[in-house]
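Structure record follows, encoded as structure tokens.
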Amino acid sequence: MATHPLPLLMSAAALRERIGNPRLAVFDCRFSLKDTEAGRHAYAAGHLPGAIYAHLDERLSGPVRTGTGRHPLPEPALLAGWLGASGVGNDTDVVVYDDLGGAFAVRLWWLLRWLGHHRVAVLDGGIGAWQAGGGALTTMVPEPTPAILSAKPDDSLWITTDALAAALPTGAVQVIDARAPERYRGEQEPIDPVGGHIPGAINLPFTENLGPDGRFLPAVVLRRRFDDALGSIPPTRLAHSCGSGVNACHNLLAMELAGLAGSRLYAGSWSEWIRSPDRPITRGARG
């Protein structure tokens, strides 16, 4: 396999050429917040050849504790240990996918980069694009050869709740909220106990990064979207938020596709922000 870096996105056609290569690891990240076993059942019913299932709650998140959001970051050594047991070494290429345009796969994409492993791509269009291109599914569960993945977490890639709360009054950080507009405005909140958004946050729903086919929009279109919303705000001042720090990674990836690297993840996101009644919230339009 070539040693050059992977692209941020991989097409189904490109993946078909690589599938089965011992230096490639594929992860199925399908998940549903409404039914946390739905992704596992879907995986059992059929998945990409060689793919390993990555459960959001069990593998891609740490334990929920008092004061945390719904999906805290996992402990780096535990995550790296599981990835290593799943066949991911320091030189392994990784492709992640789901069935929702990358909504959950981006979490593992970001986590790997956080650990210092940048050889990771999101399957553009997910399992739907794979099947549409003639790719077969299997029910066989792989038995990967264990490897060693060195965890070198880069904590400059995310911001804590305390740091965000301190930065907001000074304007040092601009929050981008990836949730649906009705959740951002506080009109509907099907998951968290409190509706609304972090004061001053700009609402850019992650679903608008995708075309009707579930693939990411062209880079020039994504660039226009973010430029129109953010103006002269540099990526280094941006923190991406959502309900629990998962879908927010979709906007972060979209910005990188658009040539706007350098933004951070607010890992705790809305579900952590509202854990303290002392933190301000806003409902309705941006404010």
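Readers should treat all values here as calculations from the given coordinates under stated rules, not as data from a laboratory. Computed from a prediction, not measured in an experiment: that's the story for all the values here. Ideal geometry is used to build each Cβ from the backbone, glycine not excepted, and the neighbour counts take in all protein chains shown.
If you check Pro212 against the conditions, is it surrounded by fewer than 24 Cβ atoms within 10 Å (Cβ to Cβ) and under 30 Å from Gly62 (Cβ atoms)?
no
Tally time: how many residues in region 122-146 are surrounded by 12 or more Cβ atoms within 10 Å (Cβ to Cβ), small (Gly, Ala, Ser) and farther than 16 Å from Ala54 by Cβ?
Qualifying residue count, region 122-146: 6.
Those residues that are of a type in the set (Gly, Ala, Ser) and in contact with a strand residue (DSSP E or B) (Cβ under 9 Å, 6 or more places away or on another chain), I need them from region 15-43; list them, please.
Scanning region 15-43 gives Ala25, Gly39, Ala42.
Quick check on region 96-117: of everything there that is more than 18 Å from Ser61 (Cβ to Cβ) and under 13 Å from the mean Cα position of the chain (by Cα), which residue is surrounded by the fewest Cβ atoms within 10 Å (Cβ to Cβ)?
Selected residue: Gly101.
Could you list, in sequence order, the residues of region 243-287 that are in a loop (DSSP other than H, G, I, E, B) and in contact with a Phe, Trp or Tyr (Cβ under 8 Å, 6 or more places away or on another chain)?
Passing the criteria: Gly243, Ser244, Gly245, Val246, Asn247, Ala258, Leu260, Ala267, Arg279, Ile281.
Looking only at region 44-91, filter to residues that are in contact with a strand residue (DSSP E or B) (Cβ under 8 Å, 6 or more places away or on another chain) and hydroxyl-bearing (Ser, Thr, Tyr); which one of those is farthest from Ala136 (Cα to Cα)?
Ranking the candidates gives Ser86 first.
Take region 149-167 and flag every residue that is surrounded by 12 or more Cβ atoms within 10 Å (Cβ to Cβ) and closer than 11 Å to Val88 by Cα.
Matches in region 149-167: Leu149 only.
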